Amino acid sequence: MTRILVVDDEPQILRALRINLRARGYDVEVADSGAAALKAAAGHPPDLVVLDLGLPDLDGTDVIRGLRGWTAVPIIVLSGRAGSEDKVAALDAGADDYVTKPFGVDELLARIRAVTRRLAPATPAVPALRIGHNTVDLADRTVTRDDGVEVKLTPTQWAMLEKLLRNPGKLVSQRQLLHDVWGPEYHHETNYLRQYMAQLRRKLEDDPARPRHLITEPGMGYRYRP
């Protein structure tokens, strides 16, 4: 899930963008000042930043320079400043695109898609993987038993399984799984993880009570053991 940090000091714009972006499947965090934006980006780096230039504490170009000191995250400026000098200054500071207020949500969404397509690295291909007597194909999002029967997974089960399978052998923390599968507001619902892991084991492991591939690291998280 693409995580977008929206930075603007107008509450109505923050609310509108949060609603519209979340409705289209984005994970959204908001900040109403430059300092809050830099702190949020450092604490949990976003995949893209939508940034207003007219902030109450810092000029938007200073926020861009602050981000560019340590990250190449795509930045789309969203500003009421229509002058060419402001656009040039923002782009020279490191912004990737510039949208002038007032704006249409559809245009902004198109700019977001274009920037992420252009700048995001290609996702490495993952070969078909084995869990017990099942073959998991992440590209086709299918699970097939050795007898040819397809195993059906829910979208949430898929999201959790894919996160583990794309990090073979690595510990994926409880916090990271909750954030990536359910969203940033879910910090303590570890019971969700236990329930969904039990469901995945019943569907995929030969012996769900003694899993060989979907492993629990008590108090820490889970890992996929090839």
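Starting from the Cα of His133, step 7 Å toward the Cβ, then list every residue of the stretch 194-226 with an amide N under 15 Å from that point. It comes to 202-208, nothing else. Taken one residue at a time, the phi angles of the stretch 86-102 give Karplus couplings (6.51, -1.76, 1.60, θ = phi - 60°) of 5, 5, 4, 4, 5, 5, 5, 6, x, 5, 9, 7, 9, 10, 8, 6, x Hz. Gly and Pro are set to x.
Note on the stretch 37-108: antiparallel DSSP beta bridges, both residues inside, total approximately 10 percent of the bridges counted. Taking all Cα pairs closer than 8 Å and separated by 6 or more residues, the relative contact order of the chain comes to 13 percent. Lysine pairs in the chain with Cα distance under 25 Å, only those 8 or more apart or on different chains: how many are there? Close lysine pairs under the 25 Å cut-off: 6. For the residues Asp32, Asp8, a 1.4 Å probe over the protein chains yields an accessible-area ranking, largest first, of Asp32, Asp8.
By definition, a body whose alpha carbon gyration tensor gives a ≥ b ≥ c is oblate when a/c is 1.5 or more and a/b is not larger than b/c, and the stretch 1-88 fits this oblate description. Estimated at the nearest 10 Å², the accessible area of Lys152 is 140 Å² with a 1.4 Å probe. Of all beta bridges that DSSP places with both ends in the chain, some 50 percent have antiparallel geometry. Looking at the chain as a GNM with Cα springs under 10 Å, which of Pro11, Pro74, Pro45 has the largest mean-square fluctuation? Judging by the Gaussian network model, the answer is Pro11.
From the C-alpha coordinates alone, can you work out the Kirkwood hydrodynamic radius of the chain, in Å?
19.6
Modelled label positions at Ala42 and Glu189, each set 7 Å beyond Cα in the direction of Cβ, lie 3.1 nm from each other.
Solvent exposure of Met1, expressed as accessible area, is near 140 Å², computed with a probe of 1.4 Å over the protein chains only.
The values are calculated or read from the model by the stated rules, or taken from the named source; none is laboratory data. Since this is a predicted model, take the numbers as computed values, not measurements. Ideal geometry is used to build each Cβ from the backbone, glycine not excepted, and the neighbour counts take in all protein chains shown. These area figures cover heavy atoms from the full protein model, side chains too; ligands, DNA and RNA do not enter into them. Shrake-Rupley method; radii C 1.70, N 1.55, O 1.52, S 1.80 Å.
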